[in-house]
Structures are given as structure tokens and as C-alpha cells.
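One structure is given below, encoded as C-alpha cells.
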2 protein chains.
Amino acid sequence: MAMKSMSDLKSDYNNINLGHGSGGVMTRELLDNIIFKAFSNTFLDKKHDGAIISTQGAMAISTDSFVVSPIFFKGGDIGQLAVHGTVNDVAMCGAIPEYLSLSFIVEEGMDMKDFIKIVKSIKEAADKSDVKIITGDTKVVERGKGDKIFINTTGFGRVHPNANISADLIRNGDKIIVSGPIAQHGMAIMSQREGLEFESNIESDSTNLNFLVESMLDEFGKDIRLLRDPTRGGMASVLCEIADDMKLGIRLREGDLPMNKQVAAACEMLGLDPLFVASEGIFLAFVHPDSADDILHLMSNHEKGGGAAIIGEVESSHPGRVVMESRIGGKRMVTPLLGEQLPRIC
Amino acid sequence: MAMKSMSDLKSDYNNINLGHGSGGVMTRELLDNIIFKAFSNTFLDKKHDGAIISTQGAMAISTDSFVVSPIFFKGGDIGQLAVHGTVNDVAMCGAIPEYLSLSFIVEEGMDMKDFIKIVKSIKEAADKSDVKIITGDTKVVERGKGDKIFINTTGFGRVHPNANISADLIRNGDKIIVSGPIAQHGMAIMSQREGLEFESNIESDSTNLNFLVESMLDEFGKDIRLLRDPTRGGMASVLCEIADDMKLGIRLREGDLPMNKQVAAACEMLGLDPLFVASEGIFLAFVHPDSADDILHLMSNHEKGGGAAIIGEVESSHPGRVVMESRIGGKRMVTPLLGEQLPRIC
């Protein structure tokens, strides 16, 4: 179904109610009038309990539930985030995302217009990412037992033939590239969160990274050792986890970390370390040092990697630890996020 | 990891708190001490954002979110239900379930002992169903924004080589078999639900149906046209949906419907039509009439199909409609569930 007919999505109800999760007539109406219409494809049109796909060889699978609050924010909403997040996790496995499952947990009383808006946003993000929604589920919980809407997506895609992604393959001297400015998504959410609202035009960076990853694998294949997106817990938590897993050290240079000025200012204002703040539209690549500049060049010329930079390298000294050189030449140990900076960022 | 060491699962915390969903140190502790320990396998041990599996040919995929309340009930809990539900949906596609993703949305404050109990129950159900948990996610929402725990599972498995399951293949004269007594799960939940508690020993029938389905496909392959489990909305909703999709009629015989006496009595007491009440451990099979008796024989001799019965057939008269012959010879039209009988049955 073409996107232009997305305006046809409508319901006889102004709000989601418990009957929409009953498995009976109301569930069927919601499916027929909204879900099946929006996502229509040969898999979903069978209306079975599941979908059947053709596969061949290695497939990557990744799942995430999205509980972000607010559900609409600058630069995105929970719907596109649920597509991008899982598309990107599949891409981080060195795979080409092809299919998504889609499961809603809706709170009774949710505005039907908001629900439809989110469905459209999912459809648009899925089309842009070139993935199909092939199976799904809708549950409704009583008022006060959920929070508007939670979305689970599980993604599948075939592993790129050139990919050989594994933390085990990281070596002393490998370079670390980040694909763009950090901490954007988290600061967009925080700037809109109840009680924290402050003047800001910071937009979430939520986007699909699969095509950029695919080009990198096409050209540089096995020189790409590991891909990881610094979402919850931010760069610091992800890098500490990797250092710990591979028993090697990581050195970062603060001055090389790309960051939007507004984001830096907002972090300072709220007293937040940007290394702990979630991103949704960037990733870290650990790469062979000989190819690092060429990979950076490719990334910088791609629309999703415009702000890419080499930010550090892997070292055999200080195994398991992440060290950052500050702008003025000092060093500090980077630790992972301990508690919870701000919940429900994704 | 052997089941005996499941007693090792423990946490430094008495309750789940927001930090467990932060992506930082507390998330990692929960994963390392409980999740990775419980489900340890070569896929999960990589601790990547996703898992990579080997595939070949047609694979079935099915997803479901589970929001059942209460989370512990007679005969089961939300954990094993989340495994059985998705295992069965994959089986209903004519496939052999092999892998599950597992995603939690936990409410802040959930008792850690209950969380661990559910993790153990998931592990036990997955082992019994012969499926592996290969990737997952854990989110935590603030107190009052969820309800203890919601679980999403997405299942994958290769389509059985003999399977050719499709509503399009149903023909006039096909027989309809149900694998066991109806309405068991729904009545178990209702009998325990706040405000509805009544004396009853009714247990949920939640179980894995994959091995029974596999034996049926091994022996009768293409004579099995459609498989469907009557969960939400019950038998009536599922049969009406099938009749509507295939533009054929369905005739049921009330006297042939297997039902436990206690369940029948409880339905009568609450004024509920058992045809609308959810099951979790039975399924409907539409089969070629020539093989119906042999298929019934196989099912009856299987531990998961002991109560199987032929309950009706497909007719070319009254297309799109389901008619039931009552015990005393009358006829009534069976309609799908309109509103919501009782929410959060699964």
C-alpha cells in the first residue's frame, strides 16, 4: 500500500479500550482498519499467528522493548524509535535488516489519533529503513497499569557476506570511530521531560544506520571488528563493557569527541556527563588501524556519518579500563553509569 | 548450564529498581547474575546486541507480549506462558520452534524473588519445549507506569518439510479436531482474579504443543490444512475469523466439545459462554476428512492430545458463518466475542 493512502487509517473509536485487546471483534477492527492497512504486505496479509520467510545462511536477530516518555519528542516519537532501534541493533551484528515483528502494549484510554500517528510513523521509518513488518501483537492493559504505549520490535536480517563482527577480534592498536555527535537523543528527551523542561532546540538523532553500515561492510568487510550503538548508559557504559569483555584497554581523546554545542551547553547546565547520555543515531566502530582513515572517509561522505571522527584506540596497557585524555592534557578514568541518570530514554 | 545450578541465581537487590534499566552497572549486574546465568548458551554468551543463527529455507516467526494478571496463577505463571504462547504460535505455522527472544518491561519495585522465580520458570519451559533464549532486553518503568512485569517473546523455527498450512487450502467436508478440553486457562485466571475469586481447583492448561504438532506433520503432512490455538477471544472468535477468511461455513456439535466439568460449572456460575474463554494448551486442526480418524488416533495417544475430539466440519452452505448444533438438536449461530470478557488473560 502506498504511503499516500495512509490518511485512510481510521477507527470508529476515539480511544483505545480494553475490547481492542480482547481477541474478538474490536481487535479485528483495529487490525483491519489500522494495522493491516498501514503495513500491508504478502506476509502480513495472511493474517496468521506468525509469518514465514525464506532464509539462507546466517541471520541476525535482535529484540528491544521501547518505553520512552514522552512518546512524542523533538525529532521523533516512540514509533520511529522502535523501528530505528531494532534496525540498528541488527545492523550492529553486521547484518542487513529485512523484517520486523511489532508488538504493542497499550494503556486503556490512549487517544486513537495518537495511536494512528505512531502507526504511521512506524510505517514511514520501516519504509525508509527498507524493512517489512511481518507479524505482530496488540495487548491492552487497564488505565494506570501501563503508560500510553510500549512497543516491542524484533528484527531479522541476513548477515552481510563480508562481516566478521566479534569483540574477540579486537587487537591492540585498533582505532575507534564514532559516526556522529554524541548525547543528542538523551538531551532531546530530557529537555522535554516534565520538571526538566528548559529552552532547547535539541532534536533526537534517532535514525536508521543500516545503509551506512552496509556500505562500510561492502568495502571494508573484515577490517571492521565491532559495531555498537551507544544507547542506554551512553558511550561510557558501552566502552567500559567492551574493554571488560575483551580484556584490553581503551584510550579516548576528549577533544576529538564530536558534540553539538547546544548539547554540550545543556549537559553543563544539568550537570550531566555527556559520556553517560544516550544516542540513537550514531554508532562506534572498532576498526583495523590500516583502514581507519579510509573507513572514516567513507563514513564522512555518507548522509548518516557526516560528523564521524576517530576518537581513540585500543591499547594493551590498562586492560579492562577506559582512559580519557582531557583537552588540557590530563587523564581520567572513564567508568560506566552506576545508577539511573534519567529513566525511559528509549 | 544445568538446571540444578538455577538455585545460584541471586541479586544484591531485594527489588527491581530504575537503575536495572539504565544500561549501566546495575543492568549489567542483573544480566550477569540472573539472565546470562539462567539462559547461558553459545548465542547469549556473546553478550552482543543480537544473536546470529544458521538458517536454511523457510522459517516461521511469531511474536506476542504477555500481560497476564495475576502473574502467578494455578497451573502456571507469566514466564512459562510467555514461552508456551510463542512456541505454540510458531508450531501453528507448521514449524519447529528453535529460538526465542525475551524482552522484559518491569515495574520499579518488583520483588526480586518474584523476578527470579519467573526467570526460572521461563528457563524450565524453554528446556521442556527444546527452544533456546538467544537474545533479549530489559526495561524498567516507574512505579505505577506498568504492572509488575510484561514479557515479550518472539519465536523462530524452521517450517516442517511436510507442512503446507494455509486457510486457502481448507475444503468443504474438512474435519475440525480440537486437541483437548476448552476454556481451561481463562477460567483458571478468572477464578483467581481480584473480586472474582471463587472456590476452584481449575488449573491453566498452558503447555507447549510443538512436539504433538511435529508428530502430526511427520505422519500426515499435507492433510493438515490449518492449525490455530484458541487463545484470546476463545474458540468462537477464532472459528468465526477462519470462516470469514475462507468464505466457507463451519458446523460445530456442542455435545462433542470436550470440557472439564469444573470448567463448565464455573462458566455457568459466572454466566460465561465457554466458547469465548481463552485456552493456552490446546489447538484446532482443520484436516482432510479421509485422514481425520487417523489423526485423531495419533493425537489421542500423545500426552498433549489426550482429550482430542472431532468437533465439527467445514460446509459450503452458510459461507463465512459458524453454526453450532446444540445437545438437544437445535442450532445457533456462533458469533465472535464483541467486547472484552475479562482483560489480561495472557
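The values are calculated or read from the model by the stated rules, or taken from the named source; none is laboratory data. For clarity, every value in this text was computed on a predicted model and none was experimentally measured. As a convention, Cβ positions derive from the backbone with ideal geometry for all residues, glycine included, and neighbour counts pool all protein chains shown. What goes into the accessible areas is simple: the full protein's heavy atoms, side chains included, and nothing from ligands, DNA or RNA. Shrake-Rupley method; radii C 1.70, N 1.55, O 1.52, S 1.80 Å.
Before moving on, here are some points about what is shown:
- Residue match in the stretch B:1-9 (condition: open to solvent by 40 Å² or more (accessible area, probe 1.4 Å) and touching a Cys at 6+ places or on another chain (Cβ under 7 Å)): no
- The residues in the stretch B:303-324 that are open to solvent by 40 Å² or more (accessible area, probe 1.4 Å) and over 16 Å from B:Met259 (Cα atoms) can be counted, and the count is 6.
- Screening A:Thr27 on (1) surrounded by 22 or more Cβ atoms within 10 Å (Cβ to Cβ); (2) more than 8 Å from chain B (Cβ to nearest Cβ); (3) at pLDDT below 95 shows it passes everything except condition (2).
- Selection of first residues in the stretch A:271-295 that are in a helix (DSSP H, G or I) and of second residues that are among the aromatic types (Phe, Trp, Tyr), restricted to Cβ pairs under 8 Å at least 6 apart or on distinct chains, gives the following pairs, ordered by first then second residue: A:Ser291/A:Phe220; A:Asp294/A:Phe220; A:Ile295/A:Phe220.
- Unique match (being modelled with pLDDT under 95 and within 13 Å of another protein chain (Cβ to nearest Cβ)) among B:Gly85, B:Gly50, B:Gly94: B:Gly50
- Any pair with Cβ under 7 angstrom, 6 or more apart, that starts in the stretch A:220-237 at a residue that is in the same structural domain as A:Pro274 (by TED's automatic domain parsing) and under 17 Å from A:Thr335 (Cα atoms) and ends at one that is open to solvent by 20 Å² or more (accessible area, probe 1.4 Å) and β-branched (Val, Ile, Thr): A:Ala236/A:Thr335
- Where B:Ala126 falls short, out of the listed (1) under 16 Å from the mean Cα position of the chain (by Cα); (2) more than 30 Å from A:Val68 (Cα to Cα): (2)
- When restricted to residues that are part of a strand (DSSP E or B), more than 14 Å from every other protein chain (Cβ to nearest Cβ) and touching a Gly at 6+ places or on another chain (Cβ under 9 Å), the stretch B:303-346 contains 7.
- For beta carbons closer than 7 Å, sequence separation of 6+ or different chains, a first residue in the stretch B:55-79 that is facing chain A (nearest Cβ under 7 Å) and a second that is part of a loop (DSSP other than H, G, I, E, B), the qualifying pairs are B:Ala60/A:Gly50; B:Ala60/B:Cys93; B:Ile61/A:Gly50; B:Ser62/A:Asp49; B:Ser62/A:Gly50; B:Ser62/B:Cys93; B:Val67/B:Arg344.
- Whichever residue in the stretch B:124-143 is at the interface with chain A (Cβ under 10 Å from one of its Cβ atoms) and touching a Phe, Trp or Tyr at 6+ places or on another chain (Cβ under 9 Å) and, among such residues, is farthest from A:Arg344 (Cα to Cα): B:Ile134
- Among residues of the stretch B:103-123 being over 20 Å from the mean Cα position of the chain (by Cα) and farther than 18 Å from B:Leu9 by Cβ, the one that is farthest from the other protein chains (Cβ to nearest Cβ) is B:Gly109.
- Residue within the stretch B:197-215 that is over 19 Å from the mean Cα position of the chain (by Cα) and within 14 Å of chain A (Cβ to nearest Cβ) present: no
- The set of residues in the stretch B:239-278 being within 12 Å of another protein chain (Cβ to nearest Cβ) and surrounded by fewer than 23 Cβ atoms within 10 Å (Cβ to Cβ) consists of B:Glu241, B:Ile242, B:Asp244, B:Asp245, B:Met246, B:Asp273.
- Any hit, the stretch A:169-178, residues being polar (S, T, N, Q), touching a helix residue (DSSP H, G or I) at 6+ places or on another chain (Cβ under 9 Å) and touching a residue at least 24 places away in the same chain (Cβ under 8 Å): no
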